[in-house]
Amino acid sequence: MLRLVSLKLGRLYRYVKLAVLGSLAAALVLNTHSLLASLQRNELSERRFLQLNKCPACWGTSWCRKFLNGQLRLESWGRLRLLDFFNVKNVYFARYGEPREGSRRVVLKRLGSAQELADIDTKICRRATGRGRCDLLQALPATEFASLNGDVRLLTPGAVEGWSDLVHCPSQRLLDRLVRRYAETKDSGSFLLRNLKDSERMQLLITLAFNPEPLVLQSFPSDEGWPFAKYLGACGRMVAVNYVGEELWSYFNAPWEKRVDLAWQLMEIAEQLTNNDFEFALYLLDVSFDNFAVGPRDGKVIIVDAENVLVADKRLIRQNKPENWDVWYESKFEDCDKEACLSFSKEILCARVTVDHNYYAVCQNLLSRHATWRGTSGGLLHHPPAEIAKEGRLEALLDECANPKKRYGRFQAAKELREYLAQLSNNVR
């Protein structure tokens with residue numbers, strides 16, 4: 001009986017799949033003329049496609065000249081709007097051309113789905129007029145996004161605390177850094193808000209509230225050694241970042257030596273974001289194979305999705321000394337049946353100096369046998385060579401890092417795991 005049901009379900013799946021493919025084929029035939037037209041024109045030079053009319057309820061305008069001059073073109077399939085149905089995250093690949101540098105690949109992001117972007121407009125309109133639709137330019141001055149316009153000197157914690165993960169518990173030092181490194185203004189370099197135009201302040205606040213990824217990339221730039229993709233610029237509701245390479249997922253079945261090197265880099269990233277000379281702890285709240293990519297030439301692992309990053313200022317924690325601030329915090333292991341599970345308390349991440357969250361996230365969701373993704377299990381370090389499996393040290397360290405049995409066991413296991421992976425990949429420092 002069970003076999004009969006599974007066979008019927010299998011047939012039903014094939015029929016549905018064929019029906020979808022058939023519908024797509026029919027749509028392609030019926031819309032051949034419009035498809036050819038869309039392949040010929042460059043939508044990235046069109047203000048409407050960029051949603052430039054939404055500004056300053058947008059991400060910025062620093063790259064508008066490049067977009068509008070036709071220096072960016074969507075890659076082949078990205079020009080077919082029919083396929084936007086499958087592109088839920090609104091991420092596009094494009095070619096960017098400079099006369100002296102030639103052409104290179106970049107990634108374009110709207111920073112949200114079509115529905116999420118529409119919700120921004122609705123929220124602004126309801127705050128200002130009580131209605132769901134309105135003229136955004138007229139409505140914005142009546143919202144919290146215009147509250148800091150005029151002669152306001154600083155962006156303060158009280159104004160934006162809790163707006164997003166980035167500023168769940170902001171310090172003045174962090175906010176000064178965000179303003180000083182804000183790339184969507186010609187006068188960057190100053191932490192004073194009054195040096196920004198009113199429209200630039202509103203863009204900054206809307207980005208901070210909706211999806212702060214561009215601000216993370218700007219404030220902790222790759223040029224200074226941070227493990228994030230390089231921010232390039234924005235136009236309307238489209239931001240451009242440097243293309244890194246294939247997602248980490250594509251290396252799931254790579255040769256053992258390659259996977260060991262990638263695992264070592266991931267643990268190094270966890271360490272860098274947790275302990276650095278700037279005393280900012282950057283905690284990754286969303287860790288999956290899709291959020292990392294690997295450079296094809298240098299093999300370097302880079303974070304390519306930085307929307308859910310919580311930044312805690314360790315200097316402020318030491319200064320304010322909240323309850324148990326100096327007690328080491330161990331994240332609780334969560335054995336769930338979903339992908340990319342993480343258990344954490346934002347309040348605790350904001351109130352402790354010593355936290356193992358990043359080690360826990362990388363070990364549980366990427367490296368250990370508890371990691372599950374797209375129907376697979378075993379993590380990036382699955383099926384080690386026989387001699388390593390027989391030794392048992394790697395499995396023991398991964399288990400202790402993901403689900404520690406000893407008090408503070410994850411801290412020690414993470415340290416030993418980094419050293420062990422460095423030895424295995426001949427990257428001993």
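The values are calculated or read from the model by the stated rules, or taken from the named source; none is laboratory data. The model shown is predicted, which means the values in this text are computed figures rather than measured ones. Note that each Cβ is placed from the backbone with ideal geometry, even for glycine, and that neighbours are counted across all protein chains shown. For the accessible areas, the whole protein counts, side chains as well, though only heavy atoms, and no ligand, DNA or RNA atoms are used. Shrake-Rupley method; radii C 1.70, N 1.55, O 1.52, S 1.80 Å.
Quick check on Val91: is it at pLDDT below 55 and open to solvent by 40 Å² or more (accessible area, probe 1.4 Å)? Judged against the criteria, Val91 is not a match. Of a type in the set (A, V, I, L, M), under 28 Å from the mean Cα position of the chain (by Cα) and open to solvent by 30 Å² or more (accessible area, probe 1.4 Å): does that describe Leu154? When the stated conditions are applied, Leu154 passes them. Taken residue by residue, segment 401-416 has at least one member that is in contact with a Leu (Cβ under 8 Å, 6 or more places away or on another chain) and either of a type in the set (Ser, Thr, Tyr) or within 13 Å of Glu268 (Cα to Cα) (or both). Of all residues in segment 365-385, those that are touching a residue at least 40 places away in the same chain (Cβ under 8 Å) and within 14 Å of Ser250 (Cα to Cα) have Cβ atoms under 6 Å from Cβ atoms of residues that are of a type outside the set (Ser, Thr, Tyr) and assigned to a loop (DSSP other than H, G, I, E, B), 6 or more apart or on another chain, in Leu366/Leu380; Trp373/Glu339.
When Gly225 is tested against the conditions (1) on the phi > 0 side of the Ramachandran plot; (2) open to solvent by less than 30 Å² (accessible area, probe 1.4 Å), the lone failure is (2). Of all residues in segment 267-313, those satisfying the criterion of being small (Gly, Ala, Ser) and surrounded by 15 or more Cβ atoms within 10 Å (Cβ to Cβ) are Ala270, Ala281, Ser288, Ala293, Ala306, Ala312. Which pairs turn up if I take residues in segment 131-149 that are part of a loop (DSSP other than H, G, I, E, B) and look for partners that are of a type in the set (Lys, Arg) with beta carbon separation below 9 Å, at least 6 apart in sequence or on another chain? As it stands, the answer is Gly132/Arg126; Cys134/Arg126; Thr143/Lys123; Thr143/Arg127; Leu148/Arg201; Asn149/Arg201, since those pairs meet every condition given.
Taking segment 315-351 as the search range and keeping residues that are basic (Lys, Arg), touching a strand residue (DSSP E or B) at 6+ places or on another chain (Cβ under 9 Å) and farther than 12 Å from Tyr283 by Cα, which one is modelled with the lowest pLDDT?
In this case the residue turns out to be Lys338.
Pairs meeting the criteria (first residue in segment 194-216 and closer than 11 Å to Ala146 by Cα, second residue at pLDDT 95 or above and aromatic (Phe, Trp, Tyr), beta carbons under 7 Å, at least 6 apart or on different chains) are Gln203/Trp59; Leu204/Tyr182. When Leu316 is tested against (1) open to solvent by 50 Å² or more (accessible area, probe 1.4 Å); (2) over 18 Å from Leu273 (Cβ atoms), just one condition goes unmet, and that condition is (2). Might you check whether a residue that is modelled with pLDDT of 95 or more and part of a helix (DSSP H, G or I) occurs anywhere in segment 56-65? Among the residues of segment 56-65, at least one is modelled with pLDDT of 95 or more and part of a helix (DSSP H, G or I), which makes the answer yes. Evaluating Leu193 against the criteria (1) open to solvent by less than 10 Å² (accessible area, probe 1.4 Å); (2) of a type in the set (A, V, I, L, M); (3) modelled with pLDDT of 95 or more leaves one unmet condition, (3). Across segment 109-126, the qualifying residues are those that are touching a helix residue (DSSP H, G or I) at 6+ places or on another chain (Cβ under 7 Å) and not in a loop (DSSP other than H, G, I, E, B), and the one among them that is surrounded by the fewest Cβ atoms within 10 Å (Cβ to Cβ) is Asp121.
Regarding Ala240, is this residue within 18 Å of the chain's Cα centre (by Cα) and either assigned to a helix (DSSP H, G or I) or over 30 Å from Trp264 (Cβ atoms) (or both)? Yes, satisfied. When segment 374-410 is filtered for residues that are open to solvent by less than 30 Å² (accessible area, probe 1.4 Å) and hydrophobic (A, V, I, L, M, F, W, C), the ones remaining, listed by number, are Leu380, Leu381, Ile388, Leu394, Leu397, Leu398, Cys401, Ala402.
Residues of segment 194-233 that are out of contact with any Ser or Thr (no Cβ under 6 Å at 6 or more places or on another chain) and in a strand (DSSP E or B): Tyr231, Leu232.
Pairs linking a residue in segment 400-420 that is within 13 Å of Ser331 (Cα to Cα) and acidic (Asp, Glu) to a residue that is open to solvent by 60 Å² or more (accessible area, probe 1.4 Å) and assigned to a helix (DSSP H, G or I), with Cβ atoms under 8 Å and 6 or more positions apart or on different chains, are Glu400/Gln412.
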